[in-house]
């Protein structure tokens with residue numbers, strides 16, 4: 001017997017989490033734009049300025065990720081790292097090749113796996129980016145240790161560019177998922193603006 005579904009708005013995501021979400025997202029977009037412009041203007045008068053801007057934006061991303069790391073430890077439940085950790089759901093979905101049948105307040109279990117992957121890639125980008133800033137441009141917090149290590153550029157450049165490609169793939173997947181949810185009539189995209197999720201109240205929906 002089916003149960004009628006009542007959709008209710010619940011405020012789930014706190015203001016700081018939403019602010020960090022947009023700060024990190026906009027930083028990544030700005031990093032992509034500045035890196036591509038710097039490549040296009042290679043050996044031109046704006047190349048150095050664009051790379052310097054790229055590095056400064058990288059510091060913003062670093063600060064955003066560090067704050068997100070701390071907020072995942074001390075913030076509200078929906079901001080905690082445990083809200084992104086659902087190994088039982090991942091294992092069941094892999095075994096059955098089916099999406100979870102229920103919804104919950106907080107991060108979607110399958111999307112959480114993609115988010116954790118993205119955070120790992122961003123951490124790779126930050127570490128390699130700081131190393132490149134020090135070895136290639138002699139700037140940043142690591143310049144005192146790595147400023148004379150020109151050879152490090154060859155070591156870090158390829159992982160940094162690989163992370164860039166992975167991030168582009170994640171962005172495409174993330175946007176496609178948002179469009180898919182919107183097509184299904186699910187109000188997902190606005191949750192990082194208003195902090196609200198729209199969840200059903202029938203017995204098959206979890207609110208934990």
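What to note about this one:
- Here residue 181 meets the list (1) assigned to a helix (DSSP H, G or I); (2) under 21 Å from the mean Cα position of the chain (by Cα); (3) modelled with pLDDT of 90 or more almost entirely, failing just condition (3).
- Looking across the stretch 88-116, the residues that are outside any loop (DSSP other than H, G, I, E, B) and surrounded by 13 or more Cβ atoms within 10 Å (Cβ to Cβ) come down to 89, 90, 92, 93, 109, 110, 111, 112, 113, 114, 115, 116.
- The residues in the stretch 63-73 that are out of contact with any helix residue (DSSP H, G or I) (no Cβ under 8 Å at 6 or more places or on another chain) and within 22 Å of residue 197 (Cα to Cα) can be counted, and the count is 0.
- Among the residues of the stretch 12-33, not a single one is over 18 Å from the mean Cα position of the chain (by Cα), surrounded by fewer than 18 Cβ atoms within 10 Å (Cβ to Cβ) and in a helix (DSSP H, G or I).
- Some residue of the stretch 155-175 being farther than 30 Å from residue 6 by Cα, loosely packed, with under 13 Cβ neighbours inside 10 Å and touching a helix residue (DSSP H, G or I) at 6+ places or on another chain (Cβ under 8 Å): yes
The values are calculated or read from the model by the stated rules, or taken from the named source; none is laboratory data. Just so we're clear, the structure is a prediction, and the values are computed from it rather than from any experiment. Heads up, the Cβs are rebuilt from the backbone with ideal geometry, glycines too, and the neighbour counts pull from every protein chain shown.
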